[in-house]
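K.L.:
Here's a structure for you.
The values are calculated or read from the model by the stated rules, or taken from the named source; none is laboratory data. Every value quoted in this text rests on a predicted model; they were computed, and no experiment measured them. Cβ placement follows ideal geometry from the backbone for every residue including glycine, while neighbour counts extend to all protein chains displayed.
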Amino acid sequence: MAYEHTLSIIKPDATSRNLIGKIIQLFEGNGLSISACKMLTLTQEQGKEFYIEHKERPFYDDLVSYISSEPVLVQVLSGEDAIAKNRQIMGATNPADAEAGTIRALYAESIDRNSVHGSDSTQSAKREINFFFPDFT
Ligand code: UDP
Ligand code: MG
């Protein structure tokens, strides 16, 4: 096990349904701590840059519009195996495949309105934390 930091976003479908508290409860209740946190509305440019890895995917334009449409809560979550642990707490990308009790099983509306983002590797965690919290150490 390693102590890690990962980036989490509570997405527009969840902030707009007042689910921030319930979602944070799942992170904190499962051993992750909030090390940094802010609420903001991404510009289209920020949305494009953040999701650049999906540039060639058919859903890219819709994904960028969606993530930039309303305020999001961006957090650094920290703890033992934080990157994998956060992905477990989130559940599968498609809520239809998400394990019972995960955030996406509980709260996601669909694959494209799936309530949370989480970094998927050490490398992406580093890039994504730096994207929103350049002074985080
Ligand atoms: N997405 C989508 N349609 C798809 C696949 C993904 O709208 O068919 C969106 C969805 O919001 C997802 C995001 O694109 O969370 C990033 O996709 P990824 O495969 O990285 O899933 P994640 O890492 O969020 O589980
Ligand atoms: Mg991803």
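K.L.:
Only residues that are near ligand 1 (Cβ under 9 Å from one of its atoms) and either charged (D, E, K, R) or in contact with a Lys or Arg (Cβ under 6 Å, 6 or more places away or on another chain) (or both): list them for the stretch 117-130, please.
P.N.:
Answer for the stretch 117-130, where residues must be near ligand 1 (Cβ under 9 Å from one of its atoms) and either charged (D, E, K, R) or in contact with a Lys or Arg (Cβ under 6 Å, 6 or more places away or on another chain) (or both): 118, 120.
K.L.:
Look at residue 79 and say whether it is more than 9 Å from ligand 1 (Cβ to nearest atom), crowded, with 16+ Cβ neighbours inside 10 Å and not in a helix (DSSP H, G or I). Let's see the steps before the verdict.
P.N.:
On the way: more than 9 Å from ligand 1 (Cβ to nearest atom): yes; crowded, with 16+ Cβ neighbours inside 10 Å: yes; not in a helix (DSSP H, G or I): yes.
Yes; evaluated as a whole, the condition is true for this residue.
K.L.:
Something else: I'm told residue 59 meets every condition in (1) loosely packed, with under 14 Cβ neighbours inside 10 Å; (2) of a type in the set (Phe, Trp, Tyr); (3) away from ligand 1 (no atom under 11 Å from the Cβ) except one. Can you identify the failing condition by its number?
P.N.:
(3)
K.L.:
Which residue out of 87, 104 is free of Cβ contacts under 8 Å to residues at least 40 places away in the same chain, under 18 Å from residue 15 (Cβ atoms), part of a helix (DSSP H, G or I) and under 14 Å from the mean Cα position of the chain (by Cα)?
P.N.:
On the way: 87 fails: under 18 Å from residue 15 (Cβ atoms).
Testing whether each residue is free of Cβ contacts under 8 Å to residues at least 40 places away in the same chain, under 18 Å from residue 15 (Cβ atoms), part of a helix (DSSP H, G or I) and under 14 Å from the mean Cα position of the chain (by Cα) leaves just 104.
K.L.:
Oh, and also: Across the stretch 10-55, which residue is surrounded by the most Cβ atoms within 10 Å (Cβ to Cβ) among those that are assigned to a loop (DSSP other than H, G, I, E, B), of a type outside the set (Lys, Arg) and within 14 Å of ligand 1 (Cβ to nearest atom)?
P.N.:
Initially, the stretch 10-55 is screened for residues assigned to a loop (DSSP other than H, G, I, E, B), giving 11, 16-19, 30-32, 41-43, 51, 55.
Pick out the ones that are also of a type outside the set (Lys, Arg) and you get 16, 18-19, 30-32, 41-43, 51.
Now narrow it down to the ones that are within 14 Å of ligand 1 (Cβ to nearest atom): 42, 51.
Values: 42: 22, 51: 18.
By that ranking, first place goes to 42.
K.L.:
Moving on. Can you name the residue in the stretch 90-101 that is part of a helix (DSSP H, G or I) and within 11 Å of ligand 1 (Cβ to nearest atom) and, of all such residues, is nearest to residue 7 (Cα to Cα)?
P.N.:
In the first step, residues of the stretch 90-101 are kept if they are part of a helix (DSSP H, G or I); the result is 90, 95-97.
In the following step, the residues that additionally are within 11 Å of ligand 1 (Cβ to nearest atom) were identified as 90, 95, 97.
Working: 90: 12, 95: 20, 97: 22 Å.
Only one residue fits best here, namely 90.
K.L.:
Do you know which residues across the stretch 102-113 are of a type outside the set (Asp, Glu), surrounded by fewer than 16 Cβ atoms within 10 Å (Cβ to Cβ) and within 14 Å of ligand 2 (Cβ to nearest atom)?
P.N.:
111
K.L.:
For residues in the stretch 47-84 being among the polar types (S, T, N, Q) and under 15 Å from the mean Cα position of the chain (by Cα), which is farthest from residue 9 (Cα to Cα)? Lay out the reasoning, then the answer.
P.N.:
From the stretch 47-84, those among the polar types (S, T, N, Q) are 65, 68-69, 75, 78; that's our starting set.
Cutting the leftovers down to under 15 Å from the mean Cα position of the chain (by Cα) gives us 68, 75, 78.
Values: 68: 12, 75: 6, 78: 14 Å.
Restricting to residues being among the polar types (S, T, N, Q) and under 15 Å from the mean Cα position of the chain (by Cα), the top hit is 78.
K.L.:
Same structure again: Where residues in the stretch 114-137 are surrounded by fewer than 16 Cβ atoms within 10 Å (Cβ to Cβ) and more than 15 Å from ligand 2 (Cβ to nearest atom), which of them is nearest to residue 3 (Cα to Cα)?
P.N.:
The extreme case among them is 137.
K.L.:
Mind checking which pairs have a first residue in the stretch 4-16 that is closer than 13 Å to residue 74 by Cα and a second that is surrounded by fewer than 24 Cβ atoms within 10 Å (Cβ to Cβ) and modelled with pLDDT under 95, Cβ under 6 Å, 6 or more apart or different chains?
P.N.:
Pairs found: none.
K.L.:
Hey, any hits in the stretch 50-69 for a residue that's closer than 25 Å to residue 122 by Cβ and of a type in the set (Gly, Ala, Ser)?
P.N.:
no
K.L.:
Take the residues in the stretch 84-101 that are closer than 15 Å to residue 24 by Cα and surrounded by 20 or more Cβ atoms within 10 Å (Cβ to Cβ), then tell me which one is nearest to ligand 2 (Cβ to nearest atom). Step through it out loud before you land on a result.
P.N.:
Of the stretch 84-101, the ones closer than 15 Å to residue 24 by Cα are 85-91, 101.
If we keep only those that are surrounded by 20 or more Cβ atoms within 10 Å (Cβ to Cβ) as well, we get 85-86, 89-91.
Details: 85: 16, 86: 11, 89: 15, 90: 10, 91: 13 Å.
Filtering first and then ranking leaves 90.
K.L.:
Let me ask you something else. Hey, can you tell me all the residues within the stretch 108-137 that are within 18 Å of residue 39 (Cβ to Cβ) and outside any loop (DSSP other than H, G, I, E, B)?
P.N.:
Kept after step one, since they are within 18 Å of residue 39 (Cβ to Cβ), are these residues of the stretch 108-137: 115-118, 128-129, 131-136.
Correct list: 116, 117, 118, 128, 129, 131, 132.
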